[in-house]
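K.L.:
To start, I am sharing the structure in question, which I have written as structure tokens.
The values are calculated or read from the model by the stated rules, or taken from the named source; none is laboratory data. What you see is a predicted model, and the numbers here were worked out from it, not measured in a lab. In this analysis, Cβ positions are derived from the backbone assuming ideal geometry, glycine residues included, and neighbour counts consider all displayed protein chains. Only protein heavy atoms, including side chains, enter the accessible area calculation; ligands, DNA and RNA are left aside. Shrake-Rupley method; radii C 1.70, N 1.55, O 1.52, S 1.80 Å.
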Amino acid sequence: MSDRLIPTVVVLDRICMSKTQLYRLINAGEFPRPVPIGRLRVAFLETEVAAWIEERSRRREEGAEMRRQRAIRAVGGRS
């Protein structure tokens, strides 16, 4: 994937959240910052958005594995 600029509307479609929530994540440092492309327009680097999505997916898988391990320990600890 190249460092293509994608508009906010495409980003919102890919991450399935509101524009307000997107900017909350950006302000919290939890989402890649947009690139100014005009006086009143911004876009996002496609590679950074894809990496953010991948990271969220990876965390979900790790979280599921951690919950599974906790459940095994909980059941194994009962007699």
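K.L.:
Can you give the angle from 0 to 90° between the axis of helix 46-77 and the longest principal axis of the chain, with both taken from C-alpha atoms, to the nearest 10?
P.N.:
Approximately 10 degrees, to the nearest ten.
K.L.:
Could I ask something else about it? What FRET efficiency would be calculated for the residue pair Cys16, Gln69, taking the C-beta separation as r and a Förster radius of 22 Å, to the nearest 0.05?
P.N.:
E between Cys16 and Gln69, to the nearest 0.05, is 0.15.
K.L.:
Something else now. So which trypsin sites (Lys or Arg not before Pro) in segment 27-79 pass both tests, a DSSP loop state and at most 13 other Cβ atoms within 10 Å of the Cβ?
P.N.:
Answer in residue order: Arg39, Arg78.
K.L.:
First compute the accessible area of the chain with a 1.4 Å probe, then give the percent of it belonging to carbon and sulfur atoms.
P.N.:
Carbon and sulfur atoms account for 53 percent of the accessible area of the chain.
K.L.:
Please compute the per residue accessible area over the chain with all protein chains in place, 1.4 Å probe, rounded to a whole number of Å².
P.N.:
77 Å²
K.L.:
Write down the Kirkwood hydrodynamic radius of the chain, to one decimal in angstroms, obtained as one divided by the mean of 1/r over all alpha carbon pairs. Write down the numbers at each step before the final one.
P.N.:
Details: mean 1/r = 0.0678 Å⁻¹.
Every distinct Cα pair counted, the radius reaches 14.7 Å.
K.L.:
Quick one: compute the contact order of the chain, relative version, from alpha carbon pairs under 8 angstrom and 6+ residues apart, as a percent. Provide the component values of the computation, followed by the final result.
P.N.:
Numbers: 52 pairs, mean separation 25.5, N = 79.
This gives 32 percent for the chain.
K.L.:
In addition: Going highest first, how would you order 43-51, 17-25 by mean Cβ packing within 10 Å?
P.N.:
Order by mean packing, descending: 43-51, 17-25.
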